[in-house]
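Trainee: Starting off with a structure, shown below.
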Amino acid sequence: MPTRPETASPAVVETAGLEVHYQLQGGALSRLLGLRSRTVKAVDGVDLQLRRGEVLGVVGESGSGKTTLGRAMLGLAPTTAGSITYHGSDGAAVVSDMKGKALRRLRTDVQMVFQDPGAALNPTMTIEQAVGHPLKIHGLASGEELTRRVHETLEKVGLAPVERFADKYPRDLSGGQKQRAVIARAIVMGPEVLVADEPVSMLDMSVRAKILQLMLDLKDELGLTYVYITHDLASAKYFCDRVAIMYLGRVVEVGPTEEIFANPKHPYTKALLGAIPDVDPERQVARDLPRGEIPDAALPPLGCSFHPRCPVAREECGWESRDLRPLLETHWTHTDGDAADFEAERAVVGDLDSFDTPSSTVTVGRDHEQVSALLDRIRAEDPDEPFWTGVARAEADPSGGTRLTFHEPVDPRLRRSGGVDVACVRYGEDPQ
Ligand SMILES: Nc1ncnc2c1ncn2[C@@H]1O[C@H](COP(=O)(O)OP(=O)(O)O)[C@@H](O)[C@H]1O
Ligand code: SF4
Ligand SMILES: [Mg+2]
């Protein structure tokens, strides 16, 4: 099990309101058509502290911004707002301001271990050359000293006896052995922090625990601090001291691993925990998260970005025009196959595409009476559907249809609640 650092350990890396937004330029055709360029909010306002000596898990589904956050810590993704501060032995400095010597220092102090060890290793270098490469290019060792340090490191990661592995090429090694070589290359320069991005997800089940155990042993031996990025909660539970749950570029819950697993608060954390595959290997089928896919990070939902999937969303959670589409589609999939009914209802609703521009008000169809009757039927099918709490008013629109006005959206921010920080309107700040 991981060692538990003092809660008051000083931060080694700190992000404050960190944003990494990517401007996507459309192709020539979209420019010709005057389409706006889109912004992908890969990381969208993250406040995190990585404490010296801990393993901090960053957990979330694909596309939630985990890799971008990890890369930003190494200065490999552009900070578009907010900051990342690195507290190194030379004092504190903001990563995006670093140049020259400070940047070189960061690149030795903070190392990344990638998901695919095959792609991370140069196929034309022997393992000895690959692990020695960073020492060589930083001019930190040469000749016998270089060989000695490389061999020592290979032994540390379990690629021993060293003579068996030093002259091998990546293609001669198994996945687990390659990842050991990647870890050796990351620790050879004596870093402070390792950002491990899904380091075992591409390895065989049988070697995953061994690689994670190796990382824990190295952490103790070398006094390292880890960021462990994963979509796999089971490994985070085993490996991490604290866990930050990410959803669409935001941290939605962060706290001690035990607390998060024993008493998850955010509905997304609860859903993720519910989706952990059964421990019985015969039944290892991950259950789906409720209500659909992770939305597009270029056009995130209004209010709380989890609201379209949240089973307990409330009136202020950010209901909007786009939420009508899944509501209608669910209704039509559940309607028992009468094509004439479907065609008639489809005609009452009109243009579905008009719902796709995010808006807190929307006009549906052209006949208020018919639209109201349809909405009443849908509501009767599932009166507990949270969507209905979001509708503040449904009234006749002068154009003939039904104008829906949704409640003012609230954008929940992290607040301290019972030992964790959670971003959900259901949790208020603990009294001081
Ligand atoms: N260089 C980039 N340019 C544009 N979009 C990017 C870039 N890198 C990541 N993204 C987008 O940012 C979001 C988060 O990606 P990523 O950090 O890789 O998430 P994760 O590691 O959690 O799967 C995704 O929507 C992804 O497509
Ligand atoms: S704020 Fe909380 S209750 Fe509302 S949608 Fe988000 S997670 Fe669900
Ligand atoms: Mg990733």
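The values are calculated or read from the model by the stated rules, or taken from the named source; none is laboratory data. Please read all numbers here as calculations on a predicted model, not as lab measurements. Here the Cβ positions follow ideal geometry from the backbone for every residue, glycine too, while neighbour counts run over all protein chains shown.
Trainee: Within segment 386-427, how many residues turn out to be of a type in the set (S, T, N, Q) and farther than 30 Å from H368 by Cβ?
Mentor: So the answer is 1.
Trainee: Identify the residue in segment 292-322 that is charged (D, E, K, R) and away from ligand 2 (no atom under 11 Å from the Cβ) and, among all such residues, is nearest to D353 (Cα to Cα).
Mentor: So the residue we want is R322.
Trainee: Another question, if that's okay. Considering segment 161-193 alone, what residues qualify as being within 22 Å of M112 (Cβ to Cβ), aliphatic (A, V, I, L, M) and crowded, with 18+ Cβ neighbours inside 10 Å?
Mentor: Of everything in segment 161-193, those that are within 22 Å of M112 (Cβ to Cβ), aliphatic (A, V, I, L, M) and crowded, with 18+ Cβ neighbours inside 10 Å turn out to be L173, A181, V182, I183, A184, A186, I187, V188, V193.
Trainee: Quick one: what pairs do we get from segment 61-89, first residue within 16 Å of R107 (Cβ to Cβ), second of a type in the set (D, E, K, R), C-beta under 6 Å, 6+ apart or different chains?
Mentor: Final answer for the pair search is G70/D197; A77/R71; G88/D109.
Trainee: Which of the residues belonging to segment 392-432 are in contact with a His (Cβ under 8 Å, 6 or more places away or on another chain), touching a residue at least 60 places away in the same chain (Cβ under 8 Å) and part of a strand (DSSP E or B)?
Mentor: Within segment 392-432, A392, V422 qualify.
Trainee: Consider only pairs whose beta carbons are under 7 Å apart and that are at least six residues apart or on different chains; among these, list those whose first residue lies in segment 220-237 and is at pLDDT below 95 and whose second residue is among the acidic types (D, E) and outside any helix (DSSP H, G or I).
Mentor: H231/E61
Trainee: Report those strands (runs of 3 or more DSSP E) wholly inside segment 166-275 carrying at least 1 residues which are touching a helix residue (DSSP H, G or I) at 6+ places or on another chain (Cβ under 7 Å), within 16 Å of ligand 2 (Cβ to nearest atom) and of a type in the set (S, T, Y).
Mentor: In segment 166-275, 242-247 are the strands (runs of 3 or more DSSP E) which contain 1 or more residues that are touching a helix residue (DSSP H, G or I) at 6+ places or on another chain (Cβ under 7 Å), within 16 Å of ligand 2 (Cβ to nearest atom) and of a type in the set (S, T, Y).
Trainee: Within segment 352-402, restricting attention to residues that are of a type in the set (D, E) and over 16 Å from R322 (Cβ atoms), which residue is surrounded by the fewest Cβ atoms within 10 Å (Cβ to Cβ)?
Mentor: Start the filter on segment 352-402 by keeping residues that are of a type in the set (D, E), which leaves 353, 356, 367, 369, 376, 381-382, 384-385, 395, 397.
Filter again for over 16 Å from R322 (Cβ atoms), leaving 367, 369, 376, 381-382, 384, 395, 397.
On the way: D367: 17, E369: 12, D376: 10, E381: 11, D382: 14, D384: 8, E395: 10, D397: 17.
In this case the residue turns out to be D384.
Trainee: Ok, one more. State whether one or more residues within segment 109-120 are within 24 Å of L216 (Cα to Cα) and of a type in the set (D, E, K, R).
Mentor: yes
Trainee: Assigned by TED's automatic domain parsing to the domain that holds D197, in contact with a Pro (Cβ under 8 Å, 6 or more places away or on another chain) and more than 16 Å from ligand 2 (Cβ to nearest atom): which single residue out of S83, S96, S62 fits that description? Reasoning before the result, please.
Mentor: Details: S83 fails: in contact with a Pro (Cβ under 8 Å, 6 or more places away or on another chain); S62 fails: in contact with a Pro (Cβ under 8 Å, 6 or more places away or on another chain).
That would be S96, the only listed residue that is assigned by TED's automatic domain parsing to the domain that holds D197, in contact with a Pro (Cβ under 8 Å, 6 or more places away or on another chain) and more than 16 Å from ligand 2 (Cβ to nearest atom).
Trainee: Kindly state which helices (runs of 4 or more DSSP H) lie completely within segment 309-388 and contain at least 1 residues that are of a type in the set (F, W, Y).
Mentor: Of the helices (runs of 4 or more DSSP H) lying wholly inside segment 309-388, those with at least 1 residues that are of a type in the set (F, W, Y) span 324-334, 339-349.
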